[in-house]
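Undergrad: Below: one structure in structure tokens.
The values are calculated or read from the model by the stated rules, or taken from the named source; none is laboratory data. All figures in this text were calculated on a predicted structure; none of them were measured in a lab. Note that we place each Cβ from the backbone using ideal geometry, even for glycine, and neighbour counts take in every protein chain shown. The protein model used for the area step is the full one, side chains on, heavy atoms only, and it has no ligands, DNA or RNA in it. Shrake-Rupley method; radii C 1.70, N 1.55, O 1.52, S 1.80 Å.
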Amino acid sequence: MSRLTQEDVNFIENSLSLADKVSMIFLLYGHRNPQYALQALTVASKAISEETNFLVDWMNYVHSSDWEEEILEALTILQQNLLLLRAGFDDEELQSKYFPQTAEISFLVHPMLKGLYHFCERLTDEDVQRVIKQFPHSTESSLSTNACMEIALLHLMCNESIEIGSKRSGKECNLLTLTASCKAAELYDESDFLRGISEHFNRTIPKPHPVQSDANTTNPPVCVTLKPTVCESLSNMPSTNDASKIENSSTTSPIDVYNFNPARAGIMLLVNQFHFHLEPNPELRNLLPSKPLKDRNGTELDKNALMNLFSEFGYELILEENITHHQILRSVQQVVERIHPTHCSLIICVLSHGQEGKVFGSNSIPVEVKSIQQLMANERLTGKPKLLIVQACQGADLQSAVPVPGYEHDGLDSAERTASVFMDFLVAWSTVPGFASVRHVDKGSWFIQGLCTKLRQLYRSEHLIDILTAVINDVAGKRGYGNECMVPIVQSTLSKKLYFQT
């Protein structure tokens with residue numbers, strides 16, 4: 001990667017709009033000297049048509065070898081992609097390095113300033129004025145009627161109405177005044193967003209370790225995590241023997257459980273395909289199956305079971321029915337883009353016909369499941385569990401039950417056929433590759449009905465992987481009229497335990 005010179009910095013600064021200059025000053029100076037940041041903004045606002053040099057001043061001010069990286073991270077957060085390209089930097093490399101759309105993750109820019117910048121971007125001009133009207137009178141009266149939100153936040157920092165905290169000194173952030181102002185302005189989603197980023201920041205502050213008698217013992221490394229403690233995650237669960245066993249386990253660490261809150265569970269996209277037609281585009285005819293796909297009778301029962309269950313878990317439900325292969329991918333992309341930093345997870349369920357590693361659109365054109373996963377592997381979902389549930393055949397053969405003394409399943413037998421190589425992913429297929437999936441026209445599919453039943457029975461005491469193990473055992477024990485059987489398969493890179501709550 002190329003290096004920034006003072007001339008580069010001057011070029012970058014004077015290529016920015018006034019609004020972007022405000023954001024840059026906010027991100028770079030906000031935690032160091034908010035009073036000076038306000039002064040710099042006053043100068044910048046009066047020199048709209050003139051060159052400014054606050055970035056060059058900042059280079060000399062910080063006296064740090066990381067100044068270049070911090071400027072690049074701030075510009076990436078501002079999505080100054082074209083400007084970065086013109087300055088000779090690889091835009092994709094910077095995007096993958098700094099995760100600009102993930103409010104909770106930052107490197108050199110103060111994490112609370114990054115989160116507050118994202119908060120500002122969520123607000124309309126009308127929202128800003130509504131929030132400012134709820135500020136303490138001394139702060140509101142010092143702001144102009146057209147003040148932007150970053151300037152308003154700097155005023156709150158200067159008079160200590162809000163505190164952004166410091167990991168180095170172990171000081172927690174405090175955004176209660178701002179959160180209360182958002183609630184008073186009836187901006188409840190923004191209030192939840194602020195609470196989420198402040199809770200995350202405070203969780204990552206190193207806690208003092210108990211004094212040990214051995215004078216030569218050093219403090220263990222601090223583990224920074226986005227997740228709450230086990231007690232926090234399980235505090236709302238009904239008390240059961242199994243749950244208390246989990247809580248009291250001496251081997252359970254604070255990073256073992258994903259954060260899950262029904263109030264912000266996330267989004268579940270349900271793609272339910274029950275009627276199929278032949279794609280009329282002659283250029284796609286070679287992708288059509290050899291025989292027309294039959295209607296999927298009984299899928300209505302699966303749809304209702306999934307929607308009822310996951311609505312109780314707090315998910316926002318999005319239902320798409322009988323959509324083409326292109327529409328499947330577009331729907332996934334749109335849902336991913338709707339995920340907020342405060343959401344806990346994303347679930348996508350696809351109920352359709354299928355081939356090995358593929359599901360069909362309503363136009364009988366297959367979609368690679370890997371393509372769906374690649375869309376889900378978005379940086380805004382970093383650290384959040386991403387669940388993909390597929391009820392579809394993976395072939396035409398039926399499995400037959402044979403008398404064996406025991407049953408063991410180790411997943412796929414080839415690394416090349418692993419469906420997921422991304423962190424915090426879980427893909428649950430209704431059947432193993434090469435075989436058909438059984439669906440009863442009056443009772444629904446074995447897999448989806450078993451999944452919903454076991455989740456209802458066990459979610460209070462068991463995490464998702466253990467529940468899916470019970471589903472596999474249950475479904476594998478079923479027999480059709482011709483002694484058919486079916487074995488679901490689960491592929492997981494989940495790094496923690498996932499407990500659902502209602």
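Undergrad: Among all residue pairs at least 6 apart or on different chains, which show Cβ distances below 6 Å where the first residue, located in region 61-75, is at pLDDT 70 or above and the second is among the aromatic types (F, W, Y)?
TA: Close Cβ pairs satisfying both conditions: E73/Y98; E73/F107.
Undergrad: Of all the residues that make up region 13-32, how many are modelled with pLDDT of 85 or more and crowded, with 16+ Cβ neighbours inside 10 Å?
TA: Residues meeting the conditions: 13.
Undergrad: Exactly one of these conditions fails for Y117: (1) part of a helix (DSSP H, G or I); (2) within 23 Å of L381 (Cβ to Cβ); (3) open to solvent by 60 Å² or more (accessible area, probe 1.4 Å). Give me its number.
TA: Exception for Y117: condition (3).
Undergrad: Name the single residue that is most open to solvent (accessible area, probe 1.4 Å) among those in region 163-189 being of a type in the set (A, V, I, L, M) and out of contact with any helix residue (DSSP H, G or I) (no Cβ under 7 Å at 6 or more places or on another chain). Break it down into steps so the answer makes sense when it comes.
TA: Start the filter on region 163-189 by keeping residues that are of a type in the set (A, V, I, L, M), which leaves 164, 175-176, 178, 180, 184-185, 187.
Then keep just the ones that are out of contact with any helix residue (DSSP H, G or I) (no Cβ under 7 Å at 6 or more places or on another chain); that gives 176, 180, 184.
Numbers: L176: 123, A180: 56, A184: 59 Å².
The residue in question is L176.
Undergrad: So which residues in region 306-340 are aliphatic (A, V, I, L, M) and part of a strand (DSSP E or B)? Reasoning before the result, please.
TA: Here is the first cut: in region 306-340, the residues aliphatic (A, V, I, L, M) are 306-307, 309, 317-319, 323, 328-329, 332, 335-336, 339.
Across region 306-340, the qualifying residues are L317, I318, L319.
Here's the yes/no breakdown for (1) within 27 Å of F500 (Cα to Cα); (2) open to solvent by less than 60 Å² (accessible area, probe 1.4 Å); (3) over 30 Å from the mean Cα position of the chain (by Cα); (4) at pLDDT below 95:
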| residue | (1), (2), (3), (4) |
| --- | --- |
| M268 | yes, yes, no, no |
| L278 | no, no, yes, yes |
| N286 | no, no, yes, yes |
| P292 | no, no, yes, yes |
| D295 | no, no, yes, yes |
| K303 | yes, yes, no, yes |
| V336 | yes, yes, no, yes |
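Undergrad: Filter region 73-101 for residues that are under 13 Å from F11 (Cβ atoms) and polar (S, T, N, Q) and give the result.
TA: Scanning region 73-101 gives a single hit, Q80.
Undergrad: Can you find even one residue in region 423-433 that is within 30 Å of S290 (Cβ to Cβ), open to solvent by 60 Å² or more (accessible area, probe 1.4 Å) and at pLDDT below 80?
TA: Looking only at region 423-433, we keep the residues that are within 30 Å of S290 (Cβ to Cβ), and these are 427-433.
Still in the list and also open to solvent by 60 Å² or more (accessible area, probe 1.4 Å): none.
No; the residues of region 423-433 include none that is within 30 Å of S290 (Cβ to Cβ), open to solvent by 60 Å² or more (accessible area, probe 1.4 Å) and at pLDDT below 80.
Undergrad: Go through region 149-176 and give me each residue that's part of a helix (DSSP H, G or I) and more than 27 Å from the chain's Cα centre (by Cα). Don't jump to the end; show me each part of the working.
TA: We begin by selecting, within region 149-176, every residue part of a helix (DSSP H, G or I); these are 149-158, 176.
Listed by number, the residues that qualify are I151, A152, L154, H155, L156, M157, C158.
Undergrad: Looking at region 318-333, which of its residues are within 30 Å of R195 (Cβ to Cβ) and surrounded by 15 or more Cβ atoms within 10 Å (Cβ to Cβ)? Steps first, please.
TA: So the first thing to find is which residues in region 318-333 are within 30 Å of R195 (Cβ to Cβ), and the list is 318-319, 331-333.
Within region 318-333, I318, S331, V332 meet the criteria.
Undergrad: Tell me, please, whether a residue that is at pLDDT below 50, aliphatic (A, V, I, L, M) and under 28 Å from R456 (Cβ atoms) can be found in region 243-254. Full working, then the answer.
TA: Filtering region 243-254 down to residues at pLDDT below 50 leaves 243-254.
Subsequent filtering for residues that are aliphatic (A, V, I, L, M) retains 243, 246.
Now drop any that are not under 28 Å from R456 (Cβ atoms), which leaves 243, 246.
Within region 243-254 (the criterion being at pLDDT below 50, aliphatic (A, V, I, L, M) and under 28 Å from R456 (Cβ atoms)), the answer is yes, since at least one residue qualifies.
Undergrad: While we're here: Would you check if there is a residue in region 408-420 being over 30 Å from T102 (Cβ atoms), at pLDDT 80 or above and open to solvent by less than 50 Å² (accessible area, probe 1.4 Å)?
TA: no
Undergrad: Something else now. Here is a list: Q394, Q373. Which entry is over 23 Å from P100 (Cα atoms), open to solvent by less than 50 Å² (accessible area, probe 1.4 Å) and modelled with pLDDT of 50 or more? Talk me through it step by step, then tell me what you get.
TA: Values: Q373 fails: over 23 Å from P100 (Cα atoms).
Just one listed residue meets the conditions, Q394.
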